[in-house]
Amino acid sequence: MIPAAFDYSTPSTLNEALALLKQYGDEAKILAGGHSLIPMMKLRFASPQHLIDINNIPGLSYIKEDGGFLKIGALTREVMLEDSDLIHKKYPIFIDATKLIADPQVRNMGTIGGNIAHGDAANDHPAVMLALRAEVVITGESGARTVPIDEFFFGFYSTAVQPGEILTEIKIPIPGKGSGGAYHKLERKVGDYATAGVAVQVTMDKGSCTYIGIGLTNVNATPLRAARSEGVLKGNKITDALIEQAAQFAAEDCNPSADLRGDEEYKRAMVKVLVKRIIHKAIDRAK
Amino acid sequence: MEKEITVTLNGEEKTLTVEPRLLLVHLIRENLNQTGTHIGCDTSNCGACTVLLDGKSVKSCTILAVQANGKKITTVEGLATAEGLHPLQEGFKENHALHCGFCTPGMMMRAVELLEKNPNPTEEEIRWGISGNLCRCTGYNNIVLAVQYAGAKMRGEKLPSTEPIFV
């Protein structure tokens, strides 16, 4: 399979890339890791006339704590998260997620920015970002703006990134003492999209939950916050009955569609099981 | 719209003019005539097209040739040296780790990076490490033995007396 013909640019600065985006408008796509875009181009689901390859722009690839945030550059490869000491030590939720994204070769190319900017509810990082209440930095000609993750996903392949803009950074408020997070997706085999995926981030104080974020993968048209489930737990002493209730709400509030991975009823059941397990795992890690 | 690119394939510098839509695997096989790199699924699932790009294992069916501009490409043809086979090639040979051989170049190129990052992997780490490469003949057991054999040889240890499974 060969993509339709296109022209190709390799800007060496962000400003150059933004100027090219302005010049080519709707006809251009940004090429980062390319492991969602190139398959779509080979299948002719996408036929951009111009590719703007941002891989040669320095300074878009980093993982650092700065000013109360964990900051991750948009061009950071999945493998860099997997290999990062900081991520291993303080943010194991990302290790859970990255090791389930595709396979090692794809993780050598795929970027966290692309995973989010693609706007696919089947991708894994969006649910993690919902759980962590991340902020997305989007840069355009007039400068950078920050969008809360809850206002980022508009619909199927549609996000807050507007024509002429590039997603440049993900900012995560550094969780306080007593915090823990975990992610798991049920997949049929390595490289598959989630049958269902669940990300949970908690902060515990003497058995009470002072922060909770729950994000769901691939059980809605967009990545979904399990808001009613969070409401059950936040501010309360955590009991098995409350966790059961939260899991039940998540199963009721998601909107999975039947496909080769299972029917709706099965997927709701799996959401319930995963929400319970991942809440327990996140609380264990908060200790 | 054609672009001039320069790549170093297995140590040899090549300059070519290519269409931006040319895939890296086609550059390697058709423009540079190195057919050891295979095209399997053509959808970045099977790993048969795995090569090293600046030392990192990647699926060359999902990368554009123009993205390799200025980079080093290593394919299976670049593994053996004048002194003989690469330890992985020897490991695959000694452990009966291939039947039809279609997945073998991709498996070995993936295992090169795996052993470089983790010179003494456990069986589980090897299985995770090659999880992006499909083999439809061997059932993987002998491939795991081959990678363990190569790891031992590269660490300069006594070679494991393995018992490959023959079917």
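Which pairs turn up if I take residues in the stretch B:128-157 that are among the β-branched types (Val, Ile, Thr) and look for partners that are crowded, with 18+ Cβ neighbours inside 10 Å and assigned to a loop (DSSP other than H, G, I, E, B) with beta carbon separation below 6 Å, at least 6 apart in sequence or on another chain?
B:Ile143/B:Ala97
Conditions: (1) touching a strand residue (DSSP E or B) at 6+ places or on another chain (Cβ under 9 Å); (2) at the interface with chain B (Cβ under 9 Å from one of its Cβ atoms). A:Leu43 meets all but one. Number of the miss?
A:Leu43 satisfies every listed condition except (1).
Provide a single number: the residues in the stretch A:186-210 that are over 13 Å from the mean Cα position of the chain (by Cα), assigned to a strand (DSSP E or B) and over 21 Å from A:Ile174 (Cα atoms).
2
Name every residue in the stretch B:65-83 that is out of contact with any helix residue (DSSP H, G or I) (no Cβ under 8 Å at 6 or more places or on another chain) and either farther than 15 Å from B:Gly36 by Cα or within 14 Å of chain A (Cβ to nearest Cβ) (or both), in order of residue number.
Within the stretch B:65-83, B:Val66, B:Asn69, B:Gly70, B:Lys71, B:Lys72, B:Thr81, B:Ala82, B:Glu83 meet the criteria.
So, A:Val200, is that one crowded, with 20+ Cβ neighbours inside 10 Å, farther than 12 Å from A:Asn123 by Cα, without any contact (Cβ under 8 Å) to a residue 40 or more places away in the chain and touching a helix residue (DSSP H, G or I) at 6+ places or on another chain (Cβ under 7 Å) or not? It would help to see each step written out before you state the result.
Working: crowded, with 20+ Cβ neighbours inside 10 Å: yes; farther than 12 Å from A:Asn123 by Cα: yes; without any contact (Cβ under 8 Å) to a residue 40 or more places away in the chain: no; touching a helix residue (DSSP H, G or I) at 6+ places or on another chain (Cβ under 7 Å): yes.
So A:Val200 fails the test.
Restrict the check to the stretch A:175-192 and report whether at least one residue is assigned by TED's automatic domain parsing to the domain that holds A:Leu86, aromatic (Phe, Trp, Tyr) and buried (at least 17 other Cβ atoms within 10 Å of the Cβ).
no
Quick check on this structure: which one of B:Glu90, B:Glu116 is buried (at least 16 other Cβ atoms within 10 Å of the Cβ), touching a residue at least 12 places away in the same chain (Cβ under 8 Å) and acidic (Asp, Glu)? I'd like the intermediate steps shown before the answer.
Working: B:Glu116 fails: buried (at least 16 other Cβ atoms within 10 Å of the Cβ).
Exactly one of B:Glu90, B:Glu116 is buried (at least 16 other Cβ atoms within 10 Å of the Cβ), touching a residue at least 12 places away in the same chain (Cβ under 8 Å) and acidic (Asp, Glu), namely B:Glu90.
Would you mention how many residues in the stretch A:97-120 are over 23 Å from A:Thr139 (Cα atoms) and away from every other protein chain (no Cβ under 14 Å)?
First, the residues of the stretch A:97-120 that are over 23 Å from A:Thr139 (Cα atoms): A:97-108.
Now drop any that are not away from every other protein chain (no Cβ under 14 Å), which leaves A:97.
Of the residues in the stretch A:97-120, 1 are over 23 Å from A:Thr139 (Cα atoms) and away from every other protein chain (no Cβ under 14 Å).
Filter the stretch B:38-57 down to the residues that are in contact with a Lys or Arg (Cβ under 6 Å, 6 or more places away or on another chain) and part of a loop (DSSP other than H, G, I, E, B), then identify the one that is surrounded by the fewest Cβ atoms within 10 Å (Cβ to Cβ).
As a first pass, look at the stretch B:38-57 and keep what is in contact with a Lys or Arg (Cβ under 6 Å, 6 or more places away or on another chain): B:44, B:49-50, B:53-54, B:57.
Restricting the remaining residues to those that are part of a loop (DSSP other than H, G, I, E, B) gives B:44, B:49, B:54.
On the way: B:Ser44: 26, B:Cys49: 29, B:Asp54: 12.
Step by step, filter the stretch B:38-57, then rank; the result is B:Asp54.
Looking at A:Ala102, is it buried (at least 20 other Cβ atoms within 10 Å of the Cβ) and assigned to a loop (DSSP other than H, G, I, E, B)?
On the way: buried (at least 20 other Cβ atoms within 10 Å of the Cβ): yes; assigned to a loop (DSSP other than H, G, I, E, B): yes.
Yes: the conditions hold for A:Ala102.
For residues that are part of a loop (DSSP other than H, G, I, E, B) and not hydrophobic (A, V, I, L, M, F, W, C), tally how many sit in the stretch A:114-158. First the steps, then the outcome.
First pass over the stretch A:114-158, keeping only residues part of a loop (DSSP other than H, G, I, E, B): A:118-124, A:133-134, A:141-142, A:152, A:156-157.
Filter once more, keeping what is not hydrophobic (A, V, I, L, M, F, W, C): A:118-120, A:123-124, A:133, A:141-142, A:157.
Of the residues in that region, 9 qualify.
Could you tell me whether any residue of the stretch B:24-31 is in a loop (DSSP other than H, G, I, E, B) and either at pLDDT 95 or above or within 13 Å of chain A (Cβ to nearest Cβ) (or both)? Working first, answer last.
Applying the first criterion (in a loop (DSSP other than H, G, I, E, B)) to the stretch B:24-31 yields none.
No, every residue in the stretch B:24-31 fails to be in a loop (DSSP other than H, G, I, E, B) and either at pLDDT 95 or above or within 13 Å of chain A (Cβ to nearest Cβ) (or both).
Scanning the stretch A:211-264 for residues that are among the aliphatic types (A, V, I, L, M) and assigned to a loop (DSSP other than H, G, I, E, B), which turns out nearest to A:Asp284 (Cα to Cα)?
First pass over the stretch A:211-264, keeping only residues among the aliphatic types (A, V, I, L, M): A:212, A:214, A:216, A:219, A:221, A:224, A:226-227, A:232-233, A:238, A:241-243, A:246-247, A:250-251, A:258, A:260.
Now drop any that are not assigned to a loop (DSSP other than H, G, I, E, B), which leaves A:219, A:221, A:226, A:238, A:258, A:260.
Working: A:Val219: 26, A:Ala221: 31, A:Ala226: 20, A:Ile238: 12, A:Ala258: 33, A:Leu260: 34 Å.
Filtering the stretch A:211-264 for residues that are among the aliphatic types (A, V, I, L, M) and assigned to a loop (DSSP other than H, G, I, E, B), the one nearest to A:Asp284 (Cα to Cα) comes out as A:Ile238.
Take the stretch A:20-36 and flag every residue that is without any contact (Cβ under 8 Å) to a residue 40 or more places away in the chain and either facing chain B (nearest Cβ under 9 Å) or in a helix (DSSP H, G or I) (or both).
A:Leu20, A:Gln23, A:Tyr24, A:Glu27, A:Leu31
With the condition kept exactly as written, say whether any residue in the stretch B:122-135 is away from chain A (no Cβ under 14 Å) and of a type in the set (Phe, Trp, Tyr). Show your work before the answer.
Step one: of the stretch B:122-135, the residues away from chain A (no Cβ under 14 Å) are B:122-123.
Among the residues that remain, those that are also of a type in the set (Phe, Trp, Tyr) are: none.
Within the stretch B:122-135, none of the residues are away from chain A (no Cβ under 14 Å) and of a type in the set (Phe, Trp, Tyr).
Give the residues of the stretch B:136-164 that are charged (D, E, K, R) and within 14 Å of chain A (Cβ to nearest Cβ), sorted by residue number. If you could, list the steps in order and put the result at the bottom.
Going residue by residue through the stretch B:136-164, those that are charged (D, E, K, R) are B:136, B:153, B:155, B:157-158, B:163.
Within the stretch B:136-164, just B:Arg136 meets the criteria.
The values are calculated or read from the model by the stated rules, or taken from the named source; none is laboratory data. None of the values given here were measured: they were computed from a predicted structure. No Cβ is skipped: glycine too gets one built from the backbone with ideal geometry, and neighbour counts run over all protein chains shown.
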